[in-house]
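Reviewing the structure listed below.
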């Protein structure tokens with residue numbers, strides 16, 4: 001029975017991970033009442049964070065988004081290769097289409113996945 005639940009659980013975990021609004025969290029932490037969806041390009045990603053909040057915040061958002069993909073891929077040790085593929089795909093989808101707020105393009109999350117796969 002646990003084997004049957006492995007893939008759906010990996011997918012839900014990846015989706016939750018992808019839904020974390022790293023740029024929104026950075027905007028709140030930076031203060032100043034910045035809204036990344038209403039300022040700059042309107043895209044809540046690392047590049048717009050860099051333009052609106054500053055280069056350090058942009059780098060932090062980029063690192064957090066890359067980490068989403070890497071963490072989802074690292075789950076391979078727990079859920080196997082198929083489960084990790086499901087988790088990474090769900091993390092990218094959750095990053096691009098999060099619930100309750102605007103999403104990003106998913107490039108950094110995908111980079112995290114590829115980078116993890118190449119080093120492990």
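The values are calculated or read from the model by the stated rules, or taken from the named source; none is laboratory data. All values derive from a computational prediction rather than experimental measurement. In this analysis, Cβ positions are derived from the backbone assuming ideal geometry, glycine residues included, and neighbour counts consider all displayed protein chains.
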Any chance residue 73 is at pLDDT 90 or above and touching a helix residue (DSSP H, G or I) at 6+ places or on another chain (Cβ under 8 Å):
yes
Quick one: in the range 56-65, of everything that is more than 11 Å from the chain's Cα centre (by Cα) and crowded, with 18+ Cβ neighbours inside 10 Å, which residue is farthest from residue 34 (Cα to Cα)?
60
Run residue 90 past the list (1) modelled with pLDDT of 90 or more; (2) over 13 Å from the mean Cα position of the chain (by Cα) and report the number of the one that doesn't hold.
(2)
Scan of the range 87-111 for residues that are within 12 Å of residue 46 (Cβ to Cβ) and outside any helix (DSSP H, G or I), ordered by number
104, 105, 106
